[in-house]
1. Name the residues in the range 318-348 that are touching a Pro at 6+ places or on another chain (Cβ under 8 Å) and not polar (S, T, N, Q), would you?
2. Got a sec? Which of Asp174, Asp211, Asp198 is closer than 20 Å to Met80 by Cβ and among the charged types (D, E, K, R)?
3. With respect to Lys104, is the statement that it is more than 16 Å from Asn49 (Cα to Cα) and over 24 Å from the mean Cα position of the chain (by Cα) true?
4. Inside the range 44-131, counting only helices (runs of 4 or more DSSP H) that do not spill past its ends, which hold 3 or more residues that are within 30 Å of Gly335 (Cα to Cα) and in contact with a helix residue (DSSP H, G or I) (Cβ under 8 Å, 6 or more places away or on another chain)?
5. What helices (runs of 4 or more DSSP H) lie completely within the range 167-273 and have 2 or more residues being within 24 Å of Gln101 (Cα to Cα) and in the same structural domain as Leu308 (by TED's automatic domain parsing)?
6. Only residues that are part of a strand (DSSP E or B) and either buried (at least 16 other Cβ atoms within 10 Å of the Cβ) or without any contact (Cβ under 8 Å) to a residue 12 or more places away in the chain (or both): list them for the range 414-432, please.
7. Being at pLDDT 95 or above, under 25 Å from Asp196 (Cβ atoms) and either under 28 Å from the mean Cα position of the chain (by Cα) or not charged (D, E, K, R) (or both) is the requirement here; does Gly140 meet it?
8. Hey, Lys158 hits all of (1) loosely packed, with under 14 Cβ neighbours inside 10 Å; (2) under 26 Å from the mean Cα position of the chain (by Cα) but one; which does it fall short on?
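The values are calculated or read from the model by the stated rules, or taken from the named source; none is laboratory data. Model, not experiment: these values are computed from the prediction. Note that each Cβ is placed from the backbone with ideal geometry, even for glycine, and that neighbours are counted across all protein chains shown.
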Amino acid sequence: MKYNKLTCLLLAASSVLSATAKKEENLGNVKASSPSPEWLQKAVIYEANLRQGTKTRDFKGLQRELPRLKDLGVDVIWLMPIHPISVEQRKGSLGSYYAVQDYKGVNPEFGTMEDLKEFVRTAHAHDMKVILDEVCNHTGADHKWVTENPGLYALNEKGEKYGPYDWTDVYKLDYSNPGTRAAMTDALKFWITEADIDGYRCDVAGEVPTDYWEEARPQLEAIKPILMLAESSTPSLLVKAFDVDYAWPMKDVFNAIAATKGVNKWAKEHKENRPEMTAQDIPALIERQKKEFPEGSLHMNMVTNHDLNSWEGTEFDRFGPATGAFAVLSYTLPGVPMMYTGQEVGFNHAFEFFEQDSIQPDYDRNEFTTFYETLNSLKHSNRALDASVPADFYQATNPDILCFVRESASDANNDNKLMVIANLSNETVPLQLKARGLDVQDLTDVFSGTQAQLPAELKPWQYLVFAK
(Lines give C-alpha, C1' and ligand atoms only; values in the text may rest on other atoms or scores of the structure.)
Protein backbone atom coordinates (compact mmCIF):
# COMPACT_ATOMS: atom_id res chain seq x y z
CA MET A 1 0.00 0.00 0.00
CA LYS A 2 1.38 3.36 -1.04
CA TYR A 3 -0.52 6.58 -0.65
CA ASN A 4 1.40 9.28 -2.48
CA LYS A 5 4.56 10.03 -4.38
CA LEU A 6 6.41 10.99 -1.20
CA THR A 7 5.72 7.58 0.29
CA CYS A 8 6.66 5.93 -2.98
CA LEU A 9 9.97 7.78 -3.17
CA LEU A 10 10.80 7.04 0.47
CA LEU A 11 10.11 3.35 0.06
CA ALA A 12 11.98 3.14 -3.24
CA ALA A 13 15.02 4.90 -1.84
CA SER A 14 15.20 2.64 1.19
CA SER A 15 14.28 -0.64 -0.42
CA VAL A 16 15.79 -1.10 -3.87
CA LEU A 17 16.29 -4.86 -4.28
CA SER A 18 14.63 -5.59 -0.91
CA ALA A 19 11.39 -3.66 -0.87
CA THR A 20 9.48 -4.00 2.42
CA ALA A 21 11.97 -6.66 3.52
CA LYS A 22 13.35 -6.63 7.02
CA LYS A 23 16.97 -7.55 7.62
CA GLU A 24 17.01 -11.13 8.85
CA GLU A 25 19.46 -13.97 9.13
CA ASN A 26 19.71 -16.12 6.00
CA LEU A 27 17.09 -18.87 5.98
CA GLY A 28 18.26 -20.79 2.92
CA ASN A 29 19.01 -23.88 5.02
CA VAL A 30 15.50 -23.86 6.51
CA LYS A 31 12.70 -25.74 4.80
CA ALA A 32 9.22 -24.24 4.84
CA SER A 33 7.22 -26.34 7.30
CA SER A 34 3.92 -25.63 5.54
CA PRO A 35 4.33 -26.30 1.81
CA SER A 36 2.19 -24.22 -0.52
CA PRO A 37 -0.87 -25.90 -2.04
CA GLU A 38 -0.12 -27.94 -5.15
CA TRP A 39 -2.60 -25.97 -7.26
CA LEU A 40 -0.56 -22.79 -6.69
CA GLN A 41 2.20 -24.23 -8.89
CA LYS A 42 0.13 -23.49 -12.00
CA ALA A 43 -1.93 -20.57 -10.74
CA VAL A 44 -2.36 -17.11 -12.27
CA ILE A 45 -3.49 -14.39 -9.84
CA TYR A 46 -5.62 -11.44 -10.98
CA GLU A 47 -5.90 -8.30 -8.84
CA ALA A 48 -9.36 -6.75 -9.21
CA ASN A 49 -9.80 -3.03 -8.55
CA LEU A 50 -13.53 -2.86 -7.79
CA ARG A 51 -13.70 0.92 -7.69
CA GLN A 52 -12.21 1.39 -11.17
CA GLY A 53 -12.42 -1.90 -13.04
CA THR A 54 -16.00 -2.20 -14.26
CA LYS A 55 -18.72 0.16 -15.41
CA THR A 56 -20.84 -0.44 -12.29
CA ARG A 57 -17.78 -0.44 -9.97
CA ASP A 58 -19.13 -3.21 -7.74
CA PHE A 59 -19.29 -6.96 -7.05
CA LYS A 60 -22.06 -7.47 -9.61
CA GLY A 61 -20.07 -5.75 -12.32
CA LEU A 62 -17.02 -7.91 -11.65
CA GLN A 63 -19.20 -11.01 -11.43
CA ARG A 64 -20.30 -10.39 -15.01
CA GLU A 65 -16.63 -10.43 -16.01
CA LEU A 66 -15.90 -13.85 -14.48
CA PRO A 67 -16.52 -15.90 -17.67
CA ARG A 68 -14.13 -13.61 -19.56
CA LEU A 69 -11.50 -13.88 -16.82
CA LYS A 70 -11.87 -17.66 -16.78
CA ASP A 71 -11.31 -17.77 -20.55
CA LEU A 72 -8.29 -15.50 -20.07
CA GLY A 73 -6.77 -18.13 -17.79
CA VAL A 74 -7.21 -16.60 -14.34
CA ASP A 75 -7.22 -18.97 -11.34
CA VAL A 76 -7.35 -16.62 -8.35
CA ILE A 77 -9.29 -13.35 -8.03
CA TRP A 78 -7.71 -11.02 -5.48
CA LEU A 79 -10.21 -8.38 -4.40
CA MET A 80 -8.73 -5.13 -3.18
CA PRO A 81 -10.14 -4.24 0.30
CA ILE A 82 -13.92 -4.50 0.43
CA HIS A 83 -14.53 -2.88 3.83
CA PRO A 84 -16.14 0.46 4.70
CA ILE A 85 -13.56 3.25 4.53
CA SER A 86 -12.93 5.64 7.41
CA VAL A 87 -14.30 9.17 7.07
CA GLU A 88 -12.13 10.84 9.70
CA GLN A 89 -8.81 12.07 8.25
CA ARG A 90 -9.89 10.62 4.89
CA LYS A 91 -7.71 11.23 1.85
CA GLY A 92 -9.73 12.49 -1.11
CA SER A 93 -13.49 12.17 -1.36
CA LEU A 94 -13.67 8.36 -1.32
CA GLY A 95 -10.58 7.58 0.76
CA SER A 96 -8.08 4.76 0.65
CA TYR A 97 -9.28 1.18 0.54
CA TYR A 98 -6.59 0.54 3.15
CA ALA A 99 -8.10 2.81 5.84
CA VAL A 100 -10.52 0.20 7.21
CA GLN A 101 -13.44 1.40 9.32
CA ASP A 102 -14.99 -2.01 10.02
CA TYR A 103 -13.25 -5.36 9.49
CA LYS A 104 -16.57 -7.23 9.37
CA GLY A 105 -18.41 -4.81 7.10
CA VAL A 106 -18.84 -4.45 3.34
CA ASN A 107 -18.30 -1.09 1.66
CA PRO A 108 -21.72 -0.10 0.24
CA GLU A 109 -19.81 1.41 -2.69
CA PHE A 110 -19.27 -2.20 -3.85
CA GLY A 111 -22.57 -3.81 -2.83
CA THR A 112 -23.89 -5.90 0.04
CA MET A 113 -22.72 -8.95 1.95
CA GLU A 114 -25.08 -11.05 -0.13
CA ASP A 115 -23.58 -9.58 -3.32
CA LEU A 116 -20.12 -10.63 -2.12
CA LYS A 117 -21.33 -14.14 -1.26
CA GLU A 118 -22.92 -14.50 -4.68
CA PHE A 119 -19.70 -13.30 -6.31
CA VAL A 120 -17.70 -15.93 -4.41
CA ARG A 121 -20.20 -18.67 -5.27
CA THR A 122 -20.07 -17.72 -8.95
CA ALA A 123 -16.26 -17.64 -8.95
CA HIS A 124 -16.18 -21.09 -7.35
CA ALA A 125 -18.60 -22.35 -10.01
CA HIS A 126 -16.04 -21.20 -12.58
CA ASP A 127 -13.32 -23.09 -10.67
CA MET A 128 -11.67 -19.87 -9.51
CA LYS A 129 -10.63 -18.96 -5.98
CA VAL A 130 -11.26 -15.61 -4.27
CA ILE A 131 -8.89 -13.98 -1.80
CA LEU A 132 -9.51 -10.76 0.11
CA ASP A 133 -7.03 -7.95 0.61
CA GLU A 134 -6.79 -7.57 4.39
CA VAL A 135 -5.11 -4.75 6.30
CA CYS A 136 -3.89 -6.13 9.63
CA ASN A 137 -1.17 -3.57 10.38
CA HIS A 138 -3.45 -0.59 10.98
CA THR A 139 -7.05 0.58 10.99
CA GLY A 140 -8.76 3.70 9.74
CA ALA A 141 -8.72 6.70 12.07
CA ASP A 142 -12.38 6.26 13.08
CA HIS A 143 -12.50 2.48 13.49
CA LYS A 144 -14.62 1.66 16.54
CA TRP A 145 -11.58 0.25 18.33
CA VAL A 146 -10.10 3.76 18.50
CA THR A 147 -12.68 4.76 21.12
CA GLU A 148 -13.91 1.41 22.44
CA ASN A 149 -10.55 -0.30 22.89
CA PRO A 150 -7.68 2.21 22.45
CA GLY A 151 -5.22 -0.21 24.06
CA LEU A 152 -5.13 -2.13 20.78
CA TYR A 153 -3.08 0.64 19.15
CA ALA A 154 0.64 1.38 19.12
CA LEU A 155 1.78 4.69 20.60
CA ASN A 156 4.69 6.93 19.64
CA GLU A 157 7.17 8.55 22.05
CA LYS A 158 4.57 11.22 22.81
CA GLY A 159 2.01 8.62 23.82
CA GLU A 160 -0.07 9.25 20.69
CA LYS A 161 -1.52 6.89 18.14
CA TYR A 162 0.19 7.18 14.78
CA GLY A 163 0.18 5.94 11.21
CA PRO A 164 3.24 4.42 9.52
CA TYR A 165 5.11 6.44 6.89
CA ASP A 166 2.95 9.41 5.86
CA TRP A 167 -0.33 7.50 6.13
CA THR A 168 -2.21 10.09 8.17
CA ASP A 169 -5.60 8.42 7.70
CA VAL A 170 -4.70 5.30 9.72
CA TYR A 171 -3.44 4.22 13.15
CA LYS A 172 -0.98 1.38 13.66
CA LEU A 173 -2.04 -1.59 15.78
CA ASP A 174 -0.02 -2.98 18.70
CA TYR A 175 0.61 -6.71 18.38
CA SER A 176 2.29 -6.94 21.77
CA ASN A 177 -1.28 -6.77 23.11
CA PRO A 178 -2.94 -10.23 23.09
CA GLY A 179 -6.27 -8.48 22.59
CA THR A 180 -5.12 -7.11 19.23
CA ARG A 181 -4.15 -10.58 18.09
CA ALA A 182 -7.43 -12.12 19.18
CA ALA A 183 -9.51 -9.38 17.55
CA MET A 184 -7.66 -9.61 14.24
CA THR A 185 -7.80 -13.40 14.08
CA ASP A 186 -11.52 -13.21 14.79
CA ALA A 187 -11.91 -10.84 11.82
CA LEU A 188 -9.89 -13.13 9.54
CA LYS A 189 -11.98 -16.15 10.55
CA PHE A 190 -15.18 -14.22 9.87
CA TRP A 191 -14.78 -13.95 6.10
CA ILE A 192 -13.80 -17.59 5.67
CA THR A 193 -16.83 -18.82 7.60
CA GLU A 194 -19.30 -16.14 6.46
CA ALA A 195 -18.40 -15.71 2.77
CA ASP A 196 -16.37 -18.88 2.03
CA ILE A 197 -13.40 -16.90 0.75
CA ASP A 198 -10.23 -18.85 -0.05
CA GLY A 199 -7.54 -16.81 1.65
CA TYR A 200 -5.93 -13.42 2.02
CA ARG A 201 -3.50 -11.01 0.46
CA CYS A 202 -2.10 -9.34 3.59
CA ASP A 203 -1.12 -5.69 3.23
CA VAL A 204 2.37 -4.68 4.48
CA ALA A 205 2.59 -8.13 6.09
CA GLY A 206 6.20 -7.58 7.16
CA GLU A 207 5.10 -4.76 9.49
CA VAL A 208 3.12 -7.27 11.57
CA PRO A 209 5.16 -9.64 13.81
CA THR A 210 5.90 -12.95 12.11
CA ASP A 211 4.87 -14.88 15.21
CA TYR A 212 1.36 -13.41 14.95
CA TRP A 213 0.94 -14.80 11.45
CA GLU A 214 2.31 -18.16 12.59
CA GLU A 215 -0.20 -18.14 15.45
CA ALA A 216 -3.14 -17.19 13.24
CA ARG A 217 -2.51 -19.46 10.24
CA PRO A 218 -3.40 -22.79 11.92
CA GLN A 219 -6.61 -21.28 13.30
CA LEU A 220 -7.65 -20.24 9.80
CA GLU A 221 -6.63 -23.57 8.27
CA ALA A 222 -8.83 -25.34 10.83
CA ILE A 223 -11.81 -23.83 8.98
CA LYS A 224 -10.68 -24.70 5.43
CA PRO A 225 -7.43 -24.82 3.41
CA ILE A 226 -6.52 -21.27 2.39
CA LEU A 227 -3.96 -19.29 0.41
CA MET A 228 -1.89 -16.68 2.23
CA LEU A 229 -0.13 -14.04 0.11
CA ALA A 230 2.21 -11.57 1.85
CA GLU A 231 2.81 -8.08 0.57
CA SER A 232 6.37 -8.27 1.79
CA SER A 233 9.77 -9.71 1.03
CA THR A 234 10.46 -10.82 4.60
CA PRO A 235 11.98 -14.34 4.50
CA SER A 236 10.68 -15.53 7.88
CA LEU A 237 7.08 -15.08 6.73
CA LEU A 238 7.51 -17.99 4.30
CA VAL A 239 8.60 -20.52 6.93
CA LYS A 240 5.19 -21.22 8.47
CA ALA A 241 2.79 -18.36 7.84
CA PHE A 242 2.54 -17.57 4.11
CA ASP A 243 2.49 -19.57 0.88
CA VAL A 244 3.87 -16.84 -1.39
CA ASP A 245 5.16 -13.29 -1.08
CA TYR A 246 5.69 -10.34 -3.37
CA ALA A 247 8.65 -10.44 -5.74
CA TRP A 248 9.40 -6.81 -4.82
CA PRO A 249 13.16 -7.34 -5.27
CA MET A 250 12.65 -8.70 -8.80
CA LYS A 251 10.35 -5.77 -9.56
CA ASP A 252 13.16 -3.45 -8.46
CA VAL A 253 15.61 -5.21 -10.78
CA PHE A 254 13.18 -4.93 -13.71
CA ASN A 255 12.71 -1.21 -13.03
CA ALA A 256 16.44 -0.62 -12.60
CA ILE A 257 17.30 -2.34 -15.90
CA ALA A 258 14.69 -0.20 -17.66
CA ALA A 259 16.08 2.93 -16.00
CA THR A 260 19.66 1.98 -16.91
CA LYS A 261 18.63 1.65 -20.55
CA GLY A 262 16.73 4.95 -20.48
CA VAL A 263 13.21 3.61 -21.06
CA ASN A 264 11.82 4.07 -17.53
CA LYS A 265 9.80 7.25 -17.96
CA TRP A 266 8.82 7.45 -14.27
CA ALA A 267 12.43 7.18 -13.11
CA LYS A 268 13.43 9.93 -15.54
CA GLU A 269 10.67 12.31 -14.49
CA HIS A 270 11.35 11.83 -10.78
CA LYS A 271 15.14 11.80 -11.18
CA GLU A 272 15.12 8.52 -9.30
CA ASN A 273 18.55 7.28 -8.30
CA ARG A 274 18.55 3.57 -9.12
CA PRO A 275 21.69 1.43 -9.41
CA GLU A 276 22.74 0.58 -12.96
CA MET A 277 21.78 -2.98 -13.82
CA THR A 278 21.82 -5.46 -16.68
CA ALA A 279 20.09 -8.74 -17.43
CA GLN A 280 22.73 -10.50 -15.32
CA ASP A 281 21.31 -8.98 -12.16
CA ILE A 282 18.27 -11.25 -12.54
CA PRO A 283 20.10 -14.57 -11.98
CA ALA A 284 22.27 -12.84 -9.37
CA LEU A 285 19.16 -11.92 -7.38
CA ILE A 286 17.74 -15.44 -7.65
CA GLU A 287 21.01 -16.91 -6.35
CA ARG A 288 21.05 -14.45 -3.46
CA GLN A 289 17.47 -15.28 -2.54
CA LYS A 290 18.28 -19.00 -2.38
CA LYS A 291 20.45 -18.16 0.62
CA GLU A 292 18.08 -15.63 2.18
CA PHE A 293 14.71 -17.41 1.88
CA PRO A 294 13.51 -20.81 3.13
CA GLU A 295 13.86 -23.71 0.72
CA GLY A 296 10.84 -23.89 -1.56
CA SER A 297 9.85 -20.23 -1.17
CA LEU A 298 7.54 -18.84 -3.84
CA HIS A 299 7.45 -15.22 -5.01
CA MET A 300 4.68 -13.49 -6.97
CA ASN A 301 6.07 -11.86 -10.12
CA MET A 302 4.48 -8.79 -11.69
CA VAL A 303 4.95 -5.86 -14.03
CA THR A 304 2.13 -3.85 -12.45
CA ASN A 305 -0.28 -3.74 -9.51
CA HIS A 306 -2.41 -1.11 -7.78
CA ASP A 307 0.58 0.52 -6.03
CA LEU A 308 2.78 0.63 -9.10
CA ASN A 309 -0.02 1.77 -11.40
CA SER A 310 -1.25 4.65 -9.26
CA TRP A 311 2.07 5.89 -7.85
CA GLU A 312 4.78 4.95 -10.36
CA GLY A 313 2.77 4.83 -13.58
CA THR A 314 1.63 2.03 -15.84
CA GLU A 315 3.91 -0.74 -17.03
CA PHE A 316 4.24 1.23 -20.27
CA ASP A 317 5.44 4.28 -18.31
CA ARG A 318 8.10 2.23 -16.52
CA PHE A 319 9.17 -0.09 -19.33
CA GLY A 320 8.19 1.55 -22.61
CA PRO A 321 9.30 -0.70 -25.50
CA ALA A 322 10.53 -3.26 -22.95
CA THR A 323 7.04 -3.95 -21.56
CA GLY A 324 6.56 -7.19 -23.50
CA ALA A 325 9.94 -8.57 -22.49
CA PHE A 326 9.40 -7.95 -18.78
CA ALA A 327 5.84 -9.29 -18.94
CA VAL A 328 7.21 -12.51 -20.46
CA LEU A 329 9.77 -12.75 -17.66
CA SER A 330 7.08 -12.25 -15.02
CA TYR A 331 5.50 -15.46 -16.33
CA THR A 332 8.51 -17.55 -17.24
CA LEU A 333 10.89 -16.96 -14.34
CA PRO A 334 10.27 -19.20 -11.30
CA GLY A 335 7.33 -18.03 -9.23
CA VAL A 336 3.64 -17.17 -9.47
CA PRO A 337 2.52 -14.60 -12.09
CA MET A 338 -0.08 -11.93 -11.38
CA MET A 339 -2.11 -9.55 -13.52
CA TYR A 340 -3.79 -6.27 -12.61
CA THR A 341 -7.10 -4.81 -13.76
CA GLY A 342 -6.84 -3.85 -17.44
CA GLN A 343 -3.43 -5.41 -18.02
CA GLU A 344 -5.04 -8.03 -20.26
CA VAL A 345 -6.03 -5.32 -22.77
CA GLY A 346 -2.94 -3.13 -22.47
CA PHE A 347 -4.80 -0.46 -20.49
CA ASN A 348 -2.35 2.45 -20.35
CA HIS A 349 -3.77 4.70 -17.65
CA ALA A 350 -2.79 5.30 -14.01
CA PHE A 351 -5.92 4.96 -11.89
CA GLU A 352 -6.93 7.55 -9.33
CA PHE A 353 -6.45 6.13 -5.84
CA PHE A 354 -8.80 8.17 -3.63
CA GLU A 355 -11.46 9.02 -6.24
CA GLN A 356 -13.53 7.34 -8.91
CA ASP A 357 -11.58 7.53 -12.14
CA SER A 358 -13.39 8.85 -15.19
CA ILE A 359 -11.42 6.48 -17.42
CA GLN A 360 -12.05 2.72 -17.31
CA PRO A 361 -10.70 -0.21 -19.29
CA ASP A 362 -12.42 -1.38 -22.45
CA TYR A 363 -12.20 -5.17 -22.35
CA ASP A 364 -12.67 -5.75 -26.08
CA ARG A 365 -10.16 -8.33 -27.27
CA ASN A 366 -6.91 -7.07 -28.76
CA GLU A 367 -3.30 -8.18 -29.23
CA PHE A 368 -2.63 -7.94 -25.49
CA THR A 369 -5.48 -10.34 -24.75
CA THR A 370 -3.98 -12.90 -27.11
CA PHE A 371 -0.52 -12.32 -25.62
CA TYR A 372 -1.66 -13.00 -22.05
CA GLU A 373 -3.93 -15.89 -23.04
CA THR A 374 -0.88 -17.51 -24.63
CA LEU A 375 1.20 -17.05 -21.48
CA ASN A 376 -1.59 -18.27 -19.21
CA SER A 377 -2.17 -21.33 -21.36
CA LEU A 378 1.55 -22.12 -21.30
CA LYS A 379 1.58 -21.72 -17.52
CA HIS A 380 -1.26 -24.21 -17.16
CA SER A 381 -0.14 -26.80 -19.68
CA ASN A 382 3.64 -27.01 -19.29
CA ARG A 383 5.05 -28.43 -16.04
CA ALA A 384 8.34 -26.63 -16.70
CA LEU A 385 6.50 -23.44 -15.70
CA ASP A 386 5.41 -24.80 -12.32
CA ALA A 387 6.24 -22.13 -9.76
CA SER A 388 8.94 -24.17 -7.99
CA VAL A 389 10.83 -25.40 -11.07
CA PRO A 390 14.27 -23.70 -11.04
CA ALA A 391 15.85 -21.88 -13.95
CA ASP A 392 19.21 -22.91 -15.41
CA PHE A 393 20.86 -19.72 -16.65
CA TYR A 394 23.21 -19.69 -19.66
CA GLN A 395 25.90 -17.03 -19.92
CA ALA A 396 25.96 -14.95 -23.07
CA THR A 397 28.92 -12.91 -24.27
CA ASN A 398 26.78 -9.79 -23.99
CA PRO A 399 25.50 -9.03 -20.44
CA ASP A 400 22.24 -7.66 -21.84
CA ILE A 401 21.20 -11.12 -23.03
CA LEU A 402 19.20 -13.21 -20.56
CA CYS A 403 18.95 -16.90 -21.39
CA PHE A 404 17.56 -19.69 -19.24
CA VAL A 405 16.04 -23.16 -19.46
CA ARG A 406 13.52 -24.77 -17.13
CA GLU A 407 12.69 -28.48 -17.15
CA SER A 408 10.15 -30.27 -15.02
CA ALA A 409 11.83 -32.76 -12.68
CA SER A 410 8.52 -34.61 -12.30
CA ASP A 411 8.63 -35.65 -15.95
CA ALA A 412 10.99 -38.58 -16.42
CA ASN A 413 10.91 -38.17 -20.21
CA ASN A 414 11.78 -34.45 -20.07
CA ASP A 415 8.77 -33.73 -22.25
CA ASN A 416 8.16 -30.45 -20.47
CA LYS A 417 10.81 -27.88 -21.23
CA LEU A 418 10.97 -24.10 -21.48
CA MET A 419 13.67 -21.93 -23.04
CA VAL A 420 13.61 -18.14 -22.81
CA ILE A 421 16.03 -15.75 -24.50
CA ALA A 422 15.64 -12.00 -24.15
CA ASN A 423 17.62 -8.94 -25.15
CA LEU A 424 17.15 -6.52 -22.25
CA SER A 425 18.61 -3.52 -24.02
CA ASN A 426 17.71 -0.92 -26.64
CA GLU A 427 20.42 -2.08 -29.05
CA THR A 428 20.68 -4.99 -31.47
CA VAL A 429 23.13 -7.53 -30.04
CA PRO A 430 24.58 -10.84 -31.30
CA LEU A 431 23.27 -14.02 -29.72
CA GLN A 432 26.45 -15.75 -28.59
CA LEU A 433 26.91 -17.94 -25.52
CA LYS A 434 30.18 -18.32 -23.61
CA ALA A 435 30.28 -22.05 -22.98
CA ARG A 436 27.20 -24.18 -23.53
CA GLY A 437 25.20 -24.28 -26.72
CA LEU A 438 21.42 -24.28 -27.05
CA ASP A 439 19.52 -27.22 -28.54
CA VAL A 440 16.17 -26.11 -29.96
CA GLN A 441 15.57 -29.12 -32.20
CA ASP A 442 12.43 -30.35 -30.40
CA LEU A 443 11.14 -26.95 -29.31
CA THR A 444 8.29 -24.83 -30.66
CA ASP A 445 8.09 -21.05 -30.70
CA VAL A 446 5.24 -20.39 -28.28
CA PHE A 447 3.99 -17.21 -29.95
CA SER A 448 4.26 -18.26 -33.61
CA GLY A 449 3.58 -21.98 -33.25
CA THR A 450 6.48 -22.76 -35.62
CA GLN A 451 9.68 -24.75 -35.16
CA ALA A 452 12.07 -22.89 -32.87
CA GLN A 453 15.02 -21.23 -34.59
CA LEU A 454 17.89 -19.28 -33.07
CA PRO A 455 18.63 -15.96 -34.79
CA ALA A 456 22.17 -14.65 -35.19
CA GLU A 457 21.22 -11.50 -33.31
CA LEU A 458 18.42 -10.12 -31.18
CA LYS A 459 16.68 -6.82 -31.83
CA PRO A 460 16.15 -4.31 -29.00
CA TRP A 461 13.96 -5.84 -26.27
CA GLN A 462 13.30 -8.91 -28.41
CA TYR A 463 12.26 -12.07 -26.55
CA LEU A 464 11.98 -15.69 -27.63
CA VAL A 465 9.94 -18.29 -25.77
CA PHE A 466 10.42 -21.89 -26.87
CA ALA A 467 8.75 -24.91 -25.28
CA LYS A 468 7.91 -28.57 -25.59
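1. Passing the criteria: Pro321, Tyr331, Pro334, Gly342, Val345, Phe347.
2. Working: Asp174 fails: closer than 20 Å to Met80 by Cβ; Asp211 fails: closer than 20 Å to Met80 by Cβ.
The conditions single out Asp198.
3. Considered against the rule, which asks whether it is more than 16 Å from Asn49 (Cα to Cα) and over 24 Å from the mean Cα position of the chain (by Cα), Lys104 comes out as yes.
4. Numbers: elements: 50-53, 59-72, 113-125.
Per the criteria, 59-72, 113-125.
5. On the way: elements: 178-195, 210-221, 237-240, 248-260, 265-269.
Where helices (runs of 4 or more DSSP H) fall fully within the range 167-273 and carry at least 2 residues being within 24 Å of Gln101 (Cα to Cα) and in the same structural domain as Leu308 (by TED's automatic domain parsing), they are 178-195, 210-221.
6. Listed by number, the residues that qualify are Lys417, Leu418, Met419, Val420, Ile421, Ala422, Asn423, Val429.
7. no
8. (2)
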